[in-house]
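For reference, the structure is listed below as C-alpha cells.
The values are calculated or read from the model by the stated rules, or taken from the named source; none is laboratory data. Keep in mind that this is a model prediction, so the values were computed, not measured. Reconstructed Cβ throughout: ideal geometry from the backbone, glycine too, with neighbour counts over all protein chains shown.
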Amino acid sequence: MSERLWGIDWTSVLPWQFDDVRVEYGRLADVLPFMAELFPKTFNVGKQWLQEEMTEAKRRFGEEMDVFVFRDGEKIVGVVTGNPSDWSTYYWRTVAFLPEYRQRNLLTLFTERCCAPFRAAGVSRMEVDTSPANRATVRAFSGQGLIVTATISTERWGQLLRFTKFLDEDAERTFSTQFFDIDTTTNAERRQR
C-alpha cells in the first residue's frame, strides 16, 4: 500500500542491518507462525486477530500491509507491520519482538531509519497504539520523541494510547497549537464576560 500511495518500494530500501539483526521486507504469511506463538504471551490476550476468520477482505488487507521482518540469522526475532491510514499518515499496526530482543533498541533504530523514506514521500506523521499498562513500550515510544495524541477504546484491545511521531514541523505545530492553546479561564470567569 505504501508503494501504491507514496511510491515507497521497501524492497529497494531494505535490508537494514542493526548489529546482528537484519530487517527485511516480507509478507504476512512469512510472519503468521511467529505472531501466533508470540502474541498470546506478549499481549496477555488471546489470539483475537489470528482467531478471527480469514475472510477475503482480511487476506487482501494482509497482502497489502507492509511487513518488516527482523531476523537474527534465519530466526525471526521481531515483526513490525504497518500501512498508510490516510494520505499523510503511516500507522504501525503491529510491533512485537522476542523478549530477549526487546532491550536492544531495535525499534528505535528502525523508526529512525524509516523517517527519511517517509519524509521524502511527503508523510507527515507515524502513529502507533499501545496499552497504557505496557509501561516498557510507553517509555520506549516517549523516549523516541513520540507524543500521546489520543486515547482509543476497542472491543479487541481495550484502552489504548495513540502515539504520534511528527515528521513534518507544520503538522506538529498545528497539533501543539490545537492541543495546548486552550482557553485557561474558569467557567465562572467565562460566565462574567
Out of everything in segment 109-153 that is assigned to a strand (DSSP E or B) and of a type in the set (Gly, Ala, Ser), what residue ends up being farthest from Asn83 (Cα to Cα)?
Ser153
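Results for (1) at pLDDT 95 or above; (2) in a helix (DSSP H, G or I); (3) surrounded by 13 or more Cβ atoms within 10 Å (Cβ to Cβ); (4) in contact with a helix residue (DSSP H, G or I) (Cβ under 9 Å, 6 or more places away or on another chain), shown as yes or no for each residue.
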{"site": "Arg4", "(1), (2), (3), (4)": "no, yes, no, yes"}
{"site": "Val31", "(1), (2), (3), (4)": "no, yes, yes, no"}
{"site": "Val67", "(1), (2), (3), (4)": "yes, no, yes, yes"}
{"site": "Val80", "(1), (2), (3), (4)": "yes, no, yes, yes"}
Would you be able to tell me the number of residues in segment 82-109 that are closer than 19 Å to Arg162 by Cα, of a type in the set (D, E, K, R) and at pLDDT below 95?
1
State whether one or more residues within segment 134-153 are surrounded by 20 or more Cβ atoms within 10 Å (Cβ to Cβ), of a type in the set (Phe, Trp, Tyr) and within 29 Å of Ala29 (Cα to Cα).
yes
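Look through segment 124-141, keep the residues that are within 13 Å of the chain's Cα centre (by Cα) and among the small types (Gly, Ala, Ser), and return whichever of them is farthest from Ser176 (Cα to Cα).
Start the filter on segment 124-141 by keeping residues that are within 13 Å of the chain's Cα centre (by Cα), which leaves 125-131, 137-138, 140-141.
From the residues that got through so far, the ones that are among the small types (Gly, Ala, Ser) too are 131, 140.
Details: Ser131: 23, Ala140: 21 Å.
Here the answer is Ser131.
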